[in-house]
Amino acid sequence: MKLSMHSPLLFESDVHLSLHPVNMNLQRLQSCWRRELLSATATMSIDLKFSRSNRIYRPSENVEGKIIIKTQSSISHYGIRLSLKASVNLQVRGGSAGVVESFYGVIKPIPILNRTVEVKSSGKIGSGTTEIPFSVNLRKRDENLERFYETFHGADISIQYLATADITRGYLHKSLSTTVEFIVESDKDDLLQRPLSPEMVIFYITQDTQRHPLLPELKSGGFRVTGKISTQCSLSGPISGELTVEASAVPIDSIDIQLFRVESILLGEKIVTETSMIQKTQIADGDVCRNLTLPIYVILPRLLTCPTTLAGPFSIEFKVAIVISFQSELSKLHKKSDPRTPRLWLAMETLPLELVRTK
């Protein structure tokens, strides 16, 4: 017998599996569970608020604050925990490492802190806003932890302290968590007892002090810039000094103070170093009057600097450069050139800079 597409026999034998009552009930349950999960997640939020607005703490202090939970209906949970984690994260990029070093893979982070405390045992949280206070000591007296390095965000080296609040719920409910960074500075007992007097270094910038080629008119006509600048500074204070343009055959376009970080990582038997500019401050715009003393006053960026650190597997150092840009048609063609690369229209003096934390 020939069967058509509208044959009842063919229709009954070709029923899709999803039309089975058991499968349909399972799909309804899964769909209902997804809707409840999305609805519960959308009506709940968790936030971390520290006791200090600047989020700065010292290793001997307690990190304090509140876990703020907002929900439209009461929820049950299996505990609320706060985790404090910190590490020194090291990374070597291909450009600075080369082909051989790239085979070493990811460098293992240096752990500093890993602590978890339960701030509230299992139970229920009522609707509305709930604030749960917490207080956790960063460093216990008898603990043998890695040195607490100060917070730092570099290109290859990152020292980060994170606080994470977790609300653990059942299998059918999505757990909630939030992570916030806090900042760690050195203990007051480890700081210098008295304010640091800036150590001034006298510098001379002339055509004869430059190791790179200069414009012919600069080389023949000459220039002379003198001054002094602090090379040992407190992180809470500025880089200070002064300079004077005594002579210049070519008009000056600008004078800038550039701050560099020098990050070094021990990779096998080799030290990989990366230098990058983190701040540029213009102290003169246009041709400067001759024999006029110009002040140097540069505020240090907080998260991009830290005390000069010389550790075993890594080091963080800084440099300051006085850069004089002369008026030239060539400079207009290379506006986005690498600041570390000497140019024909530039003269510079680079000095090591030691940064320290003081009381």
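The values are calculated or read from the model by the stated rules, or taken from the named source; none is laboratory data. Because the structure is predicted, anything quoted here is derived from the model rather than measured. Every residue, glycine among them, receives a Cβ derived from its backbone with ideal geometry; neighbour counts consider all protein chains shown.
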From Y204, Y171, Y161, residue being within 30 Å of Q91 (Cβ to Cβ) and either out of contact with any helix residue (DSSP H, G or I) (no Cβ under 9 Å at 6 or more places or on another chain) or part of a loop (DSSP other than H, G, I, E, B) (or both) = Y161
Considering only residues of segment 225-238 that are of a type outside the set (G, A, S) and modelled with pLDDT under 95, which is surrounded by the most Cβ atoms within 10 Å (Cβ to Cβ)?
-> C233
Qualifying residues in segment 262-312 (those that are buried (at least 17 other Cβ atoms within 10 Å of the Cβ) and acidic (D, E)) - the one nearest to the chain's Cα centre (by Cα) = E263
Would you say T341 is at pLDDT 90 or above and among the polar types (S, T, N, Q)?
-> no
Inter-residue pairs, beta-carbon under 7 Å, first assigned by TED's automatic domain parsing to the domain that holds A165 and hydrophobic (A, V, I, L, M, F, W, C) and in segment 126-139, second surrounded by 12 or more Cβ atoms within 10 Å (Cβ to Cβ) and not in a strand (DSSP E or B), 6+ apart | L138/P59; L138/E61
Do you know which of the residues in segment 79-95 that are surrounded by fewer than 19 Cβ atoms within 10 Å (Cβ to Cβ) and under 10 Å from D166 (Cα atoms) is nearest to the chain's Cα centre (by Cα)?
-> S83
Breaking point among (1) of a type outside the set (V, I, T); (2) closer than 19 Å to L355 by Cβ; (3) in contact (Cβ under 8 Å) with a residue 40 or more places away in the chain, for K228 | (3)
T244 fails exactly one of the following numbered conditions: (1) on the phi > 0 side of the Ramachandran plot; (2) without any contact (Cβ under 8 Å) to a residue 60 or more places away in the chain. What is the number of that condition?
-> (1)
